[in-house]
Number of protein chains: 2
Amino acid sequence: MKKLINGADTVLEESLDGFAAAHADILLLGAERKFVRRRTLKPGKVGLLSGGGSGHEPLHAGFVGRGMLDAACPGQVFTSPTPDQIIEAAEAVDTGAGVLFIVKNYEGDVMNFTMAAEMTGREVASVVTNDDVAVERSTYTTGRRGVAGTLIVEKMVGAAAEIGMPLAALKALGDEINRRTRSMGVALLPCTVPAAGRPNFTLADDEMEMGVGIHGEPGRRRVRLASADAIAEELVGAILKDLAPEPGSEVLLLVNGFGATPLIELYLMVNSAKRILEGAGITAARFLTGSYVTSLDMAGVSITVSVLDGQAKELWDAPVHTAALRWGT
Amino acid sequence: MKKLINGADTVLEESLDGFAAAHADILLLGAERKFVRRRTLKPGKVGLLSGGGSGHEPLHAGFVGRGMLDAACPGQVFTSPTPDQIIEAAEAVDTGAGVLFIVKNYEGDVMNFTMAAEMTGREVASVVTNDDVAVERSTYTTGRRGVAGTLIVEKMVGAAAEIGMPLAALKALGDEINRRTRSMGVALLPCTVPAAGRPNFTLADDEMEMGVGIHGEPGRRRVRLASADAIAEELVGAILKDLAPEPGSEVLLLVNGFGATPLIELYLMVNSAKRILEGAGITAARFLTGSYVTSLDMAGVSITVSVLDGQAKELWDAPVHTAALRWGT
């Protein structure tokens, strides 16, 4: 295992301390590092709270700030945050308008966020994301996994919360964006959890895992390495089959690296995916390209397509000021 | 070699096409993909032009846009752009106030930019960056290499150009920022140039290359893998020894991933580097953390320290709107 760390036990806390120092203008770290919170809350705004296992940086703490999340709870690497983390974060961001939880569909996350919602006594609603079309059930999941599409939900719901949308409407909006959003990924190389010290799966030199999960969970099948175009065909094909957008639709195209994939390859995938979408009569009207929902040092890519209407475009374009996404401010 | 490509010969052009499509609001691609140009030029502003071998994305094309570069010339992977690329780009961005070249100190780059400056007949000045303290001479270099500090020069000079600073003053400013900026890096894993198909150097499972260059050039020495703190001590120590900032100085701390290094590790390095700076009486007043000056899929990190004064802080904070850096807009 080759990592820039001091010891497997302190990776998360040292990384969070560096993150909080680098972005002190935007956010602060809660007591015992239980959550990352937006520095300046907006009274009367619904509090937006997400979280999940660490190792997917910048998701979720990198999306805390104006126009997106109010707080994020980082669990240990690939481990759900605990209910008490979530309860303390909810208390920290509830300014009277209630709290919306945005939760990726994994059993541990759903259980702990549900428990926290019941225990906190506050007005809470939840959006559970499940954008991964690769498999219907997975290692840690009943139903589809929540993956990179989650950041699109967080961005758009965050923009709506910022302009005063109430809790029930935000919940409905989040569910609607999730329904319009689909993803699928492929791994070329596995990742290594620091505490494990060895890769969490193995792939031969000529193999890739098609439909991989963001913790290295098995996907649809293990196949021989293919060209970028063939990979894009399979990922976009599976997404479009499931999403079935109207021809003529506009979409947001998110090409997401898993952590060890260079940007030159991600933009090459943008080129392939865009051409395939065009062939299906779909226009990529917005783009996001980079490593945003990662799996430690896994090499590979996921593609996410989210159908846009006028409101969604406006919410996507609205100002955002976080560590990982920033525009209009 | 596991890469998301269609063939080694078309990596650059396909990636540039994807890049230009994704950022069509900011930039456009010149004929035959000889350069990437800011979409809307500002008449009477000095044109800022950089470039170099590809494989370091987002450097340089990712820094084209308002408040930074007017154009960038991408050479083939790890290969200098040709003089005719540079000449055409200079013609495209010269609106009458002359053109400033920002060139990393590699023999091929310096030669081709110098040749272009002589041949273009336009008013041209050049800033050559050489911020890497690792070695005094390197594989492709007479004198020190220009590495991640280059983006700091591009950002600050770009902000000054935007508010109307003339060519000679921009050249002096760029030289001054370069003098205040030092970097050093370490590689944990090598990178693979697509056309070569195999890693460009080898490292044992317990080895790292201390002082590595951004093309995988040898550094100071090959040593056993060490802790993040020990690595940060050596990198920051070498930088401070050479830079000799006044105690009490404020600096910009850039922790830069080489392409395959996860963000969780980069922020952990921020934490280490910041503490070491504090121990030397130096305050990190600005931070930039991410993979900005990369070496394809190399794993590792570089640290850059740039001494700030009031003007430098203002130039750093000024609005920028590029594919890879964006704030205030």
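Points worth noting:
- Couplings for region B:32-45, taken from phi via the Karplus curve 6.51 cos²θ - 1.76 cosθ + 1.60 with θ = phi - 60°, read 6, 6, 6, 7, 10, 10, 3, 4, 10, 7, 10, x, x, 7 Hz in order; Gly and Pro are left as x.
- For region B:1-130, the relative contact order comes to 22 percent (Cα pairs under 8 Å, sequence separation of at least 6).
- Inverse mean reciprocal Cα-Cα distance (Kirkwood Rh) of chain B, Å: 19.6
- Rounded D (µm²/s) - region A:184-329, Kirkwood Rh over Cα pairs, Stokes-Einstein at 4 °C, 1.567 mPa s: 81
- Karplus 3J(HN,Hα) series, Hz, for region B:48-65 with 6.51 cos²θ - 1.76 cosθ + 1.60 (x for Gly, Pro): 9, 10, 9, x, x, x, 6, x, 10, 3, x, 4, 9, 4, x, 10, 8, x
- For B:ASP242, inter-copy separations between label points set 7 Å beyond Cα along the Cβ vector come to 4.9 nm, shortest first.
- Three semi-axes describe the equivalent ellipsoid of region B:46-103; taken as square roots of 5 times the Cα gyration tensor eigenvalues and ordered largest first, they are 19, 13, 7 Å.
- Relative contact order of region A:125-167, pairs being alpha-carbon contacts under 8 Å that are 6 or more residues apart, as %: 32
- In Hz, Karplus ³J(HN,Hα) per residue of region A:119-131 (6.51, -1.76, 1.60; θ = phi - 60°; x = Gly, Pro): 7, 6, x, 8, 6, 10, 10, 9, 10, 9, 8, 8, 7
- Along the axis of the charge dipole computed for the protein assembly as shown (Cβ charges of +1 for Lys and Arg, -1 for Asp and Glu, origin at the Cα centre), the listed residues B:ALA323, A:ILE177, A:GLY328 are led at the positive end by A:GLY328.
- Reference-scaled alpha-carbon Rg (2.2 N^0.38 Å with N residues) for region B:9-54: 1.25
- The chain A residue nearest the rotation axis shared with chain B, using its Cβ and rounding the distance to whole Å, is A:ALA260, 2.
- Using only alpha carbons, the protein assembly as shown has a radius of gyration to Kirkwood radius ratio (Rg to Rh) of 0.95.
- Global form of region B:8-179, assessed from the alpha-carbon gyration tensor, a/c cut-off 1.5: rounded
- FRET efficiency, 1/(1 + (r/R0)^6) with R0 51 Å, evaluated for B:THR283 and A:GLU278 via beta carbons: 0.50
- Positive minus negative residues near A:ARG182 (Lys, Arg vs Asp, Glu; Cβ under 10 Å): +1
- Per-residue [θ]222 nm for chain B (sum of -39500 (n - 2.57) over DSSP H runs n ≥ 4, rounded to 500): -10000 deg cm²/dmol
- Between the amide H of B:GLY75 and those of B:GLY52, B:GLY53, B:SER54, distances stay under 5 Å, these residues lying 5 or more places away or on another chain, with hydrogens modeled in the peptide plane.
- Taking other Cβ atoms within 10 Å as a rough exposure proxy, A:VAL127, A:VAL255, A:VAL77 sort from fewest to most as A:VAL77, A:VAL127, A:VAL255.
- GNM result for chain A, Cα springs below 10 Å: residue of A:VAL153, A:VAL110, A:VAL36 fluctuating most strongly: A:VAL110
- The charge dipole of region A:181-309, taken about its Cα centre with unit charges on the Cβ atoms of Lys, Arg (+1), Asp and Glu (-1) only, comes to about 140 debye.
- Residues in region B:54-80 reached by a label modelled at B:GLU91 [backbone nitrogen below 19 Å; 7 Å Cα→Cβ]: B:70-75
- Take A:THR202, push a point 7 Å out from Cα through the beta-carbon direction, and compare it with the same point in every other copy: 2.1 nm, smallest first.
- Förster radius 35 Å - calculated FRET efficiency between B:PHE201 and B:ALA168 (Cβ-Cβ, nearest 0.05): 0.25
- For chain A, a simple Cβ point-charge model (Lys and Arg +1, Asp and Glu -1, everything else neutral) yields a dipole of about 240 debye relative to the Cα centre.
- Förster radius 51 Å - calculated FRET efficiency between A:ARG220 and B:THR40 (Cβ-Cβ, nearest 0.05): 0.70
- Cα-based shape type of region B:168-208, given that a ≥ b ≥ c are square roots of the gyration tensor eigenvalues and the cut on a/c is 1.5: oblate
- For A:THR261, B:THR202, the sequence from fewest to most other C-beta atoms within 10 Å is B:THR202, A:THR261.
- Considering only B:SER306, B:GLY259, B:SER249, the residue lying farthest towards the positive end of the dipole of region B:207-329 is B:GLY259, judged by Cα position with unit charges set on Cβ.
- Summing Cβ point charges (Lys, Arg +1; Asp, Glu -1) relative to the Cα centre of the protein assembly as shown gives a dipole of roughly 340 debye.
- Here the contact order of chain A, divided by its residue count and restricted to Cα pairs under 8 Å and six or more residues apart, works out to 18 percent.
- In plain terms, the chain from B:GLU107 to B:ASP84 could stretch by 6.6 nm, reckoned as 0.36 nm per residue minus the Cα-Cα distance.
- Projecting 7 Å from Cα along the Cα-to-Cβ direction, the label point of B:ASP309 sits 5.7 nm from its equivalents in the other copies, listed shortest first.
- Fewest-first ordering of B:PHE78, B:PHE63 by other beta carbons within 10 Å of each residue's beta carbon gives B:PHE78, B:PHE63.
Read-outs throughout are calculated quantities, based only on the coordinates presented, and are distinct from any laboratory measurement. Small disclaimer: the values here were computed from a predicted structure and weren't measured. No Cβ is skipped: glycine too gets one built from the backbone with ideal geometry, and neighbour counts run over all protein chains shown.
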